[in-house]
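Heads up: the structure comes next, in structure tokens.
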Amino acid sequence: MHVLLVTLGTAGDVHPYLGLGRRLRARGHRVTAITSGYFERQVRQAGLDFAPLGTAEEYRSIIRDGELWHHRQAFRAFAERVVPLTLQPIYERVAERYVPGETVAAASWNAFGARIAQEKLGLPLVTIHTVPSGLRSVYRTPVLSEFPAMQWIPWRWRKVAYTLIDLTVFDRMLRPAINRFRARLNLPSIRRFVSHWWNSPDRIIGLFPEWFSPPQRDWPRQVRLTGFPRYDGGEIEPLPSEVREFLDAGEPPIVFTPGSPIQEVRWFFQASVEACRLLGRRGLLLTRFPEQVPESLPTEVRHFDYLPFSRLLPQAAALVHHGGIGSAAQAMAAGIPQLIMPICNDQPDTAARLIRLGVGDALHPGRYRGPEVADRLRRLLGSRETAANCHTLAHRIKMSDPLDEACLLTEQLGGGTSRVTTGCPPSAFVT
């Protein structure tokens, strides 16, 4: 079977697909990753075939758009700048490789060209959600950065609220580009994208466990949950020697990162360094934009461009980050507390779930100052209850094999069989 893995986004969005692809390949399938040319090296290191969506420079140009990381403007920027650029290339990459009876695709919810290929070509398609906020419910409503007041609306009125939000915001933003492209393929126009269209009617896989987001009775019936894939290339790229030397030279450091694409965050690192000073703790700053890091760092604080969390965090004391689901899952697997500074998209929802699980705390970007950060970290690191909760979740995560489950669910949809015998049962599903 030939599996096409289609995804848009940053490293945290792409890594789960690389992990899934490596596992599918080990099970005897051919796998092609369709994503930005920026990630070509990572795709090829994972041993997968590669079909680029634009160039690395185009990717860098897009992520420089500050509105993509604004808590109120992110979706509009995505709909106006990213969707028109990716619709046709995704459709074409998929259509070129589709062989009926031999091909299945697994795509992120925002890879709309793959969803259109399903309609036009009859392609078997899995929609993948790496975060729960993409699966709406009137019973347990995700925390939406664009509409935080949704949490306070009585549940009986939330369906009406969702409909109004879609018609006036989300569907209205998506409609022009998607319907223009559909017309070129002689497909009918769509009015309700979010509630009626963007998930595959074949299968939806949530790459998170039930204990993180319990299934809701108004989710689509084709939803299956697996667990956090936690692939970040760590098994391919070990920690550099200078990092190992720093880790071995003292107590476990606190790791700080605002997320891989965020660029204008000098204030974040200045406050982080101050928090380390106030706590008397070692710190490790992660960003690919060194100009954002203070020029003169204390000897107990170091900066590195990128490090795989699967190798780093088991040797860390805590993680301070933006609330990306991949970072959160790696910290839970490492059994360490987290301080979240959520900015946009799914990040506030992830922060709320970590707080509910008792393994973290959250701090609004406007309050991210050295003394406040130090105070929150002091409480997290000194709490026996938090430590016990972290230990419990780490054990839960290590006992699961979500990638094998996701492979099995994908194989079932495509009618393919692997060359590897697996004993994993079908994942959790909504009844």
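Structure notes:
- Qualifying residue in the stretch 188-203 (condition: in a loop (DSSP other than H, G, I, E, B), hydroxyl-bearing (Ser, Thr, Tyr), more than 20 Å from residue 339 (Cα to Cα) and within 22 Å of the chain's Cα centre (by Cα)): yes
- Residue 352 being assigned to a helix (DSSP H, G or I), at pLDDT below 95 and either closer than 21 Å to residue 214 by Cβ or not assigned by TED's automatic domain parsing to the domain that holds residue 383 (or both): yes
- Residue match in the stretch 146-165 (condition: within 15 Å of residue 197 (Cα to Cα) and more than 19 Å from the chain's Cα centre (by Cα)): yes
- Of note, residue 331 satisfies the criterion of being assigned by TED's automatic domain parsing to the domain that holds residue 249, of a type in the set (Gly, Ala, Ser) and out of contact with any Lys or Arg (no Cβ under 8 Å at 6 or more places or on another chain).
- Counting only residues that are of a type outside the set (S, T, N, Q), over 15 Å from residue 287 (Cα atoms) and either buried (at least 24 other Cβ atoms within 10 Å of the Cβ) or in contact (Cβ under 8 Å) with a residue 40 or more places away in the chain (or both), the stretch 307-321 holds 5 of them.
- Flag set for residue 341, criterion: closer than 24 Å to residue 144 by Cα, more than 15 Å from the chain's Cα centre (by Cα) and not basic (Lys, Arg).
- When the stretch 343-394 is filtered for residues that are out of contact with any helix residue (DSSP H, G or I) (no Cβ under 8 Å at 6 or more places or on another chain), among the β-branched types (Val, Ile, Thr) and farther than 21 Å from residue 310 by Cβ, only 355 remains.
- Subset of the stretch 233-253 that is over 30 Å from residue 48 (Cβ atoms) and not acidic (Asp, Glu) - its residue that is surrounded by the fewest Cβ atoms within 10 Å (Cβ to Cβ): 250
- Residue within the stretch 92-103 that is closer than 23 Å to residue 226 by Cα, touching a helix residue (DSSP H, G or I) at 6+ places or on another chain (Cβ under 8 Å) and modelled with pLDDT of 95 or more present: yes
- Here residue 51 does not qualify as under 23 Å from residue 323 (Cα atoms) and surrounded by fewer than 23 Cβ atoms within 10 Å (Cβ to Cβ).
- A single member of 115, 76 is crowded, with 22+ Cβ neighbours inside 10 Å and in the same structural domain as residue 50 (by TED's automatic domain parsing), and it is 115.
- Within the stretch 231-287, the set of residues being of a type in the set (D, E, K, R) and more than 25 Å from residue 325 (Cα to Cα) comprises 242, 244, 245, 248, 251, 274, 277, 281.
- Among the residues of the stretch 209-227, the ones that are among the basic types (Lys, Arg) and under 18 Å from the mean Cα position of the chain (by Cα) come to 1 in all.
- Flag for residue 227 being closer than 18 Å to residue 408 by Cα and touching a helix residue (DSSP H, G or I) at 6+ places or on another chain (Cβ under 9 Å): yes
- Within the stretch 380-394, the set of residues being farther than 13 Å from residue 354 by Cβ and in contact (Cβ under 8 Å) with a residue 24 or more places away in the chain comprises 381, 383, 385, 387, 391, 394.
- The one condition in (1) in contact with a Ser or Thr (Cβ under 9 Å, 6 or more places away or on another chain); (2) crowded, with 17+ Cβ neighbours inside 10 Å that residue 192 fails to fulfil: (2)
The values are calculated or read from the model by the stated rules, or taken from the named source; none is laboratory data. What you are looking at is a predicted structure, and each value in this text was computed from that prediction instead of being measured. Virtual Cβ from ideal backbone geometry, glycine too; neighbours counted across all protein chains shown.
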